[in-house]
Amino acid sequence: MNRDSKVFVLFLSGCAFFLGLLVCISYYNWPNAEDLSLTLIPRNIGLINSIKHMMGTYDGRYFTNLLHGINPLAWGFVEFVWLITPVSIVFVIFGLYYFFSALFEAKRFYIFGLSIFITSIHFATCLSISHQLFWMSSSFVYLYSVVFLLLFLGTYIRYLESLHLAPNQRLLLFSLIFLFCGVGMNEMMLPAYSIFLAHQIYYHFKSTFFKELLPIYFVGFCSIVFFVASPGIQMRLSNDYYFDNPFGFYSIKIAVIQYFQYIYLTLKMPLTWAAFLFMFFLKSNFLPKSNFSFNGYQSVLFLLFVFPFMLILPYYVPLSHFNCFPDRIYGTINLVHFVAICLVINNSKFSFLPQIQSNLFLLPILMFGLALFSKSNVKDLFLLYHSGKLECFKTQFVKRDRILKEASSSEFTFSLVELDTLKCVPDQIWIYTDMKPGTKANHWNKAYQNYYSVDKVLLKDSKRRTIDAE
Amino acid sequence: MLNRLFILWTLLLAFCGFLIYANLEIRAYNKLIVGIGQVNEKLLVQMKDHKLISSKRFEKGLKRQFIDRDPHEVGIDLLSYLENTGASIKHLEKRDSIWMVQVVSNNRDISFSIIEGNNLVLLDSCTNIPYICGKMDSKRALEADLAKENCK
């Protein structure tokens with residue numbers, strides 16, 4: 001094992017520690033009321049009907065809505081929802097591996113290691129790890145959509161390569177599947193797919209194998225139109241602001257400000273800079289395939305700034321959401337940025353400074369130190385894991401689950417359940433979407449009622465006498 | 001070669017046709033929901049006329065539920081109300097001036113009729129108890145009697 005490999009293994013062990021920590025934390029995670037409200041629809045009216053219902057009334061995310069129906073929560077196994085987190089981590093690593101292996105000539109070990117590293121650094125630096133990983137229905141939208149984009153691009157690149165010999169039908173089929181699934185996950189991805197497909201049509205229009213690529217463009221176009229033409233998304237788009245400001249200048253201004261705010265917040269983390277250094281260290285092990293090089297300042301600008309900015313535009317311009325800083329969409333942008341930076345660095349002509357090259361072992365030590373002692377999710381989650389808050393958090397929900405299941409299976413004609421207010425809430429991993437006290441029917445109370453088939457669920461209010469006291 | 005391309009494009013066109021069919025189906029579903037929202041609005045007016053709800057509550061309810069809001073949202077509200085009673089919409093259909101709503105609740109089918117005209121009542125066909133404006137409070141029995149009288 002040479003010195004580079006030893007340093008690399010040391011890095012990977014740090015990444016494995018962090019990913020292991022994420023899995024350990026996920027064991028204490030519990031779905032929130034929004035997860036319940038989204039999964040009970042497919043459970044009650046069936047998968048196809050739920051997609052129809054959501055596309056007719058709420059959004060155009062046909063594939064995300066499908067995922068809401070195929071997970072442990074929809075099948076009634078609330079206690080196994082935590083398994084979604086390790087599955088998501090493996091899925092991200094696989095997506096990155098599949099994508100990088102299509103672009104670079106390198107040993108499998110290095111590509112696999114790079115994928116683990118990008119996954120770890122993304123989760124360590126993203127602004128809201130709960131939206132990215134721990135909140136199931138949010139991760140379907142904001143994390144899985146990027147993975148499906150990577151899977152599509154990886155398959156498409158392989159299919160392009162196969163065209164020089166003989167068209168690989170299996171790759172074509174998988175390209176079509178990943179494209180159809182990827183488009184139906186998140187509005188943010190629509191510009192990405194539209195720009196990519198438009199560029200590819202322009203680029204390959206006069207080539208001899210254009211007709212072999214046409215099915216992909218056709219399916220991509222149909223999927224985008226299907227998404228945009230659904231009444232659900234059209235209802236969301238038809239707000240007053242959009243019609244008063246069809247060009248959305250104010251929205252774009254806010255988008256630019258918040259985009260640079262996100263870049264500032266990310267670059268403020270020393271761990272991000274250490275990650276860049278590590279990517280430079282890895283650079284010599286990756287040889288970009290000649291067909292796909294990203295050198296030249298236009299490519300760099302496009303990958304690092306223009307492309308990620310286009311992904312956030314659907315959130316700002318047509319939907320006109322700008323009341324607060326949207327952590328969730330910048331989680332998606334964070335992963336896109338790290339992949340883009342990796343592509344740019346591996347295609348650049350810069351090499352590691354000789355002084356650093358001779359002190360390579362300092363790099364993992366620097367990285368571990370920064371991860372544990374500077375501002376990052378690693379430090380926050382490590383402290384959370386040792387705080388005891390997680391055990392308290394899970395105990396509350398296990399109790400709630402037991403009470404609700406007992407009430408649901410009781411033989412009384414009317415079941416009323418009064419639950420305790422949550423005392424320990426780990427804000428780092430759980431978005432507070434929960435029932436409200438009082439007798440007025442709240443949306444999230446109803447989610448609990450419907451999921452557990454209980455007539456009425458109330459939250460104990462400290463201001464009034466409880467049923468127990470009576 | 002021709003054979004392969006022919007099969008491929010036949011499948012792709014079938015896929016495109018499926019998407020068009022699915023979109024039309026979703027649009028029809030959306031229209032039904034909007035329609036139900038409009039019927040719901042009429043129902044509220046009717047309830048006020050028959051003094052099932054006070055003018056104050058009517059004004060408040062109408063403003064909150066209908067005037068300031070998109071009819072689509074009102075439709076979604078009614079649908080979510082039906083679902084929140086433990087039921088889920090199975091079939092929606094407009095026959096002449098009557099909206100037929102078939103829902104599944106606790107694994108049994110219930111048919112609702114939303115009757116347009118002089119008497120607008122959302123009627124549970126099994127129990128004959130009207131579900132008035134999405135509320136099932138303690139006054140339900142009284143409301144049911146009044147509504148039955150109005151239906152005569």
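The numbers here are math on the coordinates, done by the rules we state, and not lab data. Owing to the predicted nature of the structure, the values given are computational and were not obtained by experimental measurement. Glycine also receives a Cβ, built like all others from the backbone with ideal geometry; neighbour counts cover every protein chain displayed.
For a quick check: with amide H placed at 1.01 Å from N, whose amide H comes under 5 Å from A:Leu143's, ignoring anything fewer than 5 positions away on the same chain?
Here the answer is none, since no amide H 5 or more places off falls under 5 Å of that of A:Leu143.
Need one number for chain A: average projected area of the convex hull over its C-alpha atoms, nm².
The Cα convex hull of chain A, projected and averaged over all directions, gives 25.6 nm².
Where does helix A:108-125 land angle-wise versus the long Cα axis of chain A, in degrees 0 to 90, nearest 10?
Once rounded, the angle reads 50 degrees.
I need the phi-derived Karplus couplings for region A:31-40: 6.51 cos²θ - 1.76 cosθ + 1.60, θ = phi - 60°, integer Hz, Gly and Pro marked x.
These are the phi-based 3J(HN,Hα) values: x, 8, 5, 5, 4, 5, 5, 7, 8, 6 Hz.
Give the calculated FRET efficiency between A:His199 and A:Ile365 to the nearest 0.05, with a Förster radius of 51 Å applied to their Cβ-Cβ distance.
Calculated transfer efficiency: 0.75.
Given contacts defined as C-alpha pairs under 8 Å and at least six residues apart, what's the relative contact order of chain A, whole-number percent?
Answer for chain A is 22 percent.
At 20 °C and 1.002 mPa s, grab the translational diffusion coefficient of region A:128-215 from Stokes-Einstein with a Kirkwood Rh over Cα pairs, rounded to a whole number in µm² per second.
In µm²/s, the coefficient rounds to 153.
Considering the dipole of region A:1-81 built from charges on the beta carbon (Lys and Arg +1, Asp and Glu -1) around the Cα centre, which of A:Val78, A:Ile48, A:Gly14 is farthest to its positive end?
Highest projection toward the positive end goes to A:Gly14.
Suppose every K and R has +1 on its Cβ and every D and E has -1 on its Cβ; what is the size of the dipole of chain A about the Cα centre, in Debye to the nearest 20?
It works out to roughly 680 debye.
Per the Kirkwood formula on distinct C-alpha pairs, the Rh of region A:14-168 is how many angstrom?
One decimal place: 17.0 Å for the Kirkwood radius.
log10 I(q)/I(0), Debye, Cα-only region A:114-161, no solvent, q = 0.23, 0.25 Å⁻¹?
-0.86, -0.94
Do any trypsin sites (Lys or Arg not before Pro) in region A:366-408 lie in a loop, going by DSSP, with at most 15 other beta-carbon atoms within 10 Å of their beta carbon, and if so which?
Filter output for region A:366-408: A:Lys375.
How far apart, in nm, are the 7 Å Cα→Cβ label points at A:Asp380 and A:Tyr297?
3.6 nm
How big is the gap, in Å, between the Cα center of region A:419-456 and the Cα center of region A:1-48?
A separation of 24 Å, based on Cα centres.
Go ahead and run the numbers for FRET between B:Glu25 and A:Val225, Cβ-Cβ distance against an R0 of 25 Å, rounding to 0.05.
0.95
Counting only Cα, what are the radius of gyration and maximum Cα-Cα distance Dmax of region A:1-74, in Å?
For region A:1-74, the Cα radius of gyration and maximum Cα-Cα distance read 19.9, 59 Å.
Treat each spin label as a single point 7 Å out from the Cα along the C-beta direction, and report the A:Lys253 to A:Phe209 distance in nm.
The modelled label-to-label distance comes out at 4.9 nm.
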